Amino acid sequence: VGDDLYLFTSDEQGESHFFRWKSKGKNWKKLYTDTRIFTSISSLQDGRILLSGEGGLYYFDPSGRLLDKQSVFYTEEGRTVSGKIGDLLSDQQGGLWIAFNNYGLLYYNPYRIRFNHMPNTLDLGSGKKIDNVCALLMLNEKEMLAGTMHGLYVYNRVERTLRLFAPELSGIFVLSLSRDLDGDIWVSTIDSGCYRISKGKIRHYEIRPEG
């Protein structure tokens, strides 16, 4: 945010810490500590910083002051949602996508001040539910990647449909998604190594323990 850098860490005692790197002072400052694990960090168009994790959502102002903490979310359908958040993703419209480990996707519409639960049934004719979303990555104005405990999927935000990205990425437990400077997408998994998606081609890299 601006010229400052924000990050979070976890220590051996099970605590999570939130830091800010001040570009002017060239130093780190610890802003917040919690006994629950943090999983993701994002920012909103109004400058607020968001942390997510086992305790829900944490809202901070740019100085690092905790503004609010939200563990229960109310949807437009009248449902209440709670649980561990796997990832956060803000879009150009000022909205916020929240990946839940037990409830699929929620979308926060800043103009309605409510959360909208996205359908989590695949349009593959199987009726399979995708509840455990762990990672998100925007592809374009219409589509985003959703990494789950059961594979990598593409979510169409306009049609509100899910489809499998590729057969070879079915069944993998996605841990994180990222894009490098060349535009390639990296898919990290719990126990299947990592995958690189480059110009439509997928390459698998196994991670073998030394010794």
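Points worth noting:
- Taking the accessible area of the chain, probe 1.4 Å, and keeping the other protein chains in place, the carbon and sulfur fraction comes to 48%.
- Förster radius 30 Å - calculated FRET efficiency between residue 77 and residue 173 (Cβ-Cβ, nearest 0.05): 0.55
- Site pair residue 45 and residue 12 shows an inter-label distance of 4.6 nm when each label is modelled 7 Å from Cα along Cα→Cβ.
- Exposure ranking of 39, 80 by accessible area [1.4 Å probe, largest first]: 80, 39
- Charges were assigned to the Cβ only: +1 to each Lys and Arg, -1 to each Asp and Glu. The resulting dipole of segment 1-91 about its Cα centre is roughly 440 debye.
- Of [x] 28, 23, 17; [y] 48, 17, 13; [z] 32, 24, 17, the label for semi-axes √(5λ) of the Cα gyration tensor in Å derived from the coordinates: [x]
- Dipole moment magnitude, nearest 20 debye, segment 1-51 about Cα centre, only Lys, Arg, Asp, Glu C-beta charged: 280
- Per residue solvent-accessible surface (Å²) - the chain, probe of 1.4 Å: 56
- In Å², nearest 10: area of residue 35 left accessible to a 1.4 Å probe: 110
- Net charge of Cβ neighbours under 13 Å - reference residue 26; Lys, Arg +1; Asp, Glu -1: +2
- Cross-link pairs exceeding 32 Å between alpha carbons, from the set 24/69; 69/201; 142/201; 84/142; 26/142; 69/199: 69/201; 26/142; 69/199.
- Residue 207/residue 36 FRET efficiency (R0 22 Å; Cβ-Cβ; nearest 0.05): 0.20
- Here residue 29 is the anchor, and the aspartates and glutamates within straight C-alpha reach of less than 12 Å, apart from those fewer than 8 places off in the same chain, are 4.
- Accessible surface of residue 103, taken over heavy atoms with a 1.4 Å probe and every protein chain present, rounds to 50 Å².
- Given charges at beta-carbon only (K, R positive; D, E negative), |dipole| of the chain in Debye: 300
- Nonlocal amide H pairs with residue 56, under 5 Å, H built at 1.01 Å: 85
- Taking amide H as placed 1.01 Å from N in the peptide plane, residue 109 has its amide H under 5 Å from the amide H of 114, 116, each at least 5 places away in sequence or on another chain.
The values are calculated or read from the model by the stated rules, or taken from the named source; none is laboratory data. As the structure is a computational prediction, the values presented were derived from the model and not from experiment. Don't worry about glycine lacking a Cβ; one is built from the backbone with ideal geometry, like all the others, and counts go over all protein chains shown. For the accessible areas, the whole protein counts, side chains as well, though only heavy atoms, and no ligand, DNA or RNA atoms are used. Shrake-Rupley method; radii C 1.70, N 1.55, O 1.52, S 1.80 Å.
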